[in-house]
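Structure record follows, encoded as structure tokens.
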Amino acid sequence: MNTQEKGIGMGETRIGVIGGSGVYDISGLGGATWQQVETPWGDPSDAILTGTLDGVPMAFLPRHGRGHVHSPTDVPYCANIDALKRLGVTDVIAVSACGSFREHMAPGDFVIVDQFIDRTVARQKSFFGTGCVAHVSLAHPTCGRLGEACATAARAAGVTVHRGGTYLAMEGPQFSTLAESRLYREVWGCDVIGMTNMPEAKLAREAELCYAAVAMVTDYDSWHPDHGAVDVAEVIKTLTGNADKARGLVRQLPGLIGGHHSRCPHGCDHALDTAIMTAPDKRDPALLARLDAVAGRVL
């Protein structure tokens, strides 16, 4: 039975983890199985590892695919979110590598992101469009309840964690110029920079999924006078340590989130209540068929 059949505020929690650079699997799942999921938006980044952790169903999706085969621009974001929704996921924890614009957010630290500035330009950013137009609110693009659980889990796993931060999403795959790094840090007030949390967070909101972003700091981008340009070798070295920390965080989540999914106090799971603008008689049946998982509750 899927989340649309159960309805808002009812049913069991299903945790979805999207693993970023360096995090291509998780351990400790009972009944672990790699499962192919078909979506009308194409193939997800990879098969999805499903199982249970401490009695709570969990699904793990490596964002870049095992072996890191997808660039940030080419990650199939729509298919990934749709696939998790089809599996009945209720809570998504997105783990990603990032650069830091703040001295105190050091390599190896985690930042629980709560705001985004989207500078990506070459990605499909919505499930909706001509034939079914919808506008969801992104004033608060992450779920505060889920973010707090991630912060608590990180501390329990022995990670230095910062609660709250603004994530600059760049297109990539190149790293920032020095001028860009200074602009994002000094003028725009961003805290971290990455290439993958947008449009992922937007799509999760459209799919009425609670979404929390855990940014794992690997470097100081290019603004820091004592660190110079981003060094991929150093990034990979830090990624290895961060991946172990991320797995430790994930192991704490079932006990913190719990097994029963109730209505989200922040409105994540009913974001489409007033979002769809297109009159019922003007909606495109072909697009509606593609929206069966992400928007089936309201369509």
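The values are calculated or read from the model by the stated rules, or taken from the named source; none is laboratory data. This one's a predicted model, so the numbers in the text were calculated from it and none came from an experiment. Please note: Cβ atoms are built from the backbone with ideal geometry, for glycine as well, and neighbour counts cover all protein chains shown.
The residues listed here are L256, L249, L239; of these, the one that is among the aliphatic types (A, V, I, L, M), in a helix (DSSP H, G or I), at pLDDT 90 or above and surrounded by fewer than 24 Cβ atoms within 10 Å (Cβ to Cβ) is L256. Can you find a residue that is at pLDDT below 95, surrounded by 14 or more Cβ atoms within 10 Å (Cβ to Cβ) and not hydrophobic (A, V, I, L, M, F, W, C) anywhere in the range 25-48? Yes: the range 25-48 contains one or more residues that are at pLDDT below 95, surrounded by 14 or more Cβ atoms within 10 Å (Cβ to Cβ) and not hydrophobic (A, V, I, L, M, F, W, C).
Residue-level check: of (1) within 23 Å of Y220 (Cβ to Cβ); (2) touching an Asp or Glu at 6+ places or on another chain (Cβ under 8 Å), A122 misses just (1).
Could you list, in sequence order, all residues of the range 262-299 that are part of a loop (DSSP other than H, G, I, E, B) and of a type in the set (K, R)? Those that are part of a loop (DSSP other than H, G, I, E, B) and of a type in the set (K, R): R263, R283, R297. Scanning the range 160-179 for residues that are of a type in the set (D, E, K, R), under 21 Å from the mean Cα position of the chain (by Cα) and either within 28 Å of F127 (Cβ to Cβ) or modelled with pLDDT of 95 or more (or both) turns up at least one hit. Going by the conditions given, is V121 aliphatic (A, V, I, L, M), assigned to a loop (DSSP other than H, G, I, E, B) and in contact with a helix residue (DSSP H, G or I) (Cβ under 9 Å, 6 or more places away or on another chain)? Taking the combined requirement at face value, the residue does not satisfy it.
Looking at the range 170-204, which of the residues that are among the aliphatic types (A, V, I, L, M) and farther than 30 Å from D91 by Cβ is surrounded by the most Cβ atoms within 10 Å (Cβ to Cβ)? Top of the filtered list is L183.
Candidates G88, G67: the one that is more than 24 Å from D273 (Cβ to Cβ) and either more than 15 Å from the chain's Cα centre (by Cα) or not hydroxyl-bearing (S, T, Y) (or both) is G67. The single condition among (1) in a loop (DSSP other than H, G, I, E, B); (2) at pLDDT below 95; (3) within 15 Å of the chain's Cα centre (by Cα) that A97 does not satisfy is (1). Residues of the range 62-83 that are more than 19 Å from S21 (Cβ to Cβ) and in contact with a strand residue (DSSP E or B) (Cβ under 7 Å, 6 or more places away or on another chain): A83 alone.
Here is a yes/no grid of residues against (1) on the phi > 0 side of the Ramachandran plot; (2) among the hydroxyl-bearing types (S, T, Y):
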{"residue": "Y77", "(1), (2)": "no, yes"}
{"residue": "V95", "(1), (2)": "no, no"}
{"residue": "L146", "(1), (2)": "no, no"}
{"residue": "R155", "(1), (2)": "no, no"}
{"residue": "L168", "(1), (2)": "no, no"}
{"residue": "G172", "(1), (2)": "yes, no"}
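Restricting to the range 181-212, count the residues that are in contact with an Asp or Glu (Cβ under 7 Å, 6 or more places away or on another chain) and either among the charged types (D, E, K, R) or not in a loop (DSSP other than H, G, I, E, B) (or both). Of the residues in that region, 4 qualify.
Results for (1) under 20 Å from the mean Cα position of the chain (by Cα); (2) farther than 21 Å from Y167 by Cα; (3) of a type in the set (S, T, Y), shown as yes or no for each residue.
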position	(1), (2), (3)
T218	yes, no, yes
S222	no, no, yes
K245	yes, no, no
G248	yes, yes, no
H260	no, yes, no
D269	yes, yes, no
L272	yes, yes, no
D281	no, yes, no
A293	yes, yes, no
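In summary, E234 fulfils each of the numbered conditions (1) more than 30 Å from A134 (Cα to Cα); (2) touching a strand residue (DSSP E or B) at 6+ places or on another chain (Cβ under 9 Å); (3) surrounded by 15 or more Cβ atoms within 10 Å (Cβ to Cβ); (4) not aliphatic (A, V, I, L, M) with the single exception of condition (3). Entry remark, the range 174-202: residues being out of contact with any Leu (no Cβ under 8 Å at 6 or more places or on another chain) and on the phi < 0 side of the Ramachandran plot number 20 in total. Of everything in the range 57-94 that is part of a strand (DSSP E or B) and out of contact with any Asp or Glu (no Cβ under 8 Å at 6 or more places or on another chain), the residue that is surrounded by the fewest Cβ atoms within 10 Å (Cβ to Cβ) is A59. In the set (1) out of contact with any Leu (no Cβ under 9 Å at 6 or more places or on another chain); (2) part of a loop (DSSP other than H, G, I, E, B); (3) surrounded by 22 or more Cβ atoms within 10 Å (Cβ to Cβ); (4) not small (G, A, S), Y167 fails one condition alone, (2).
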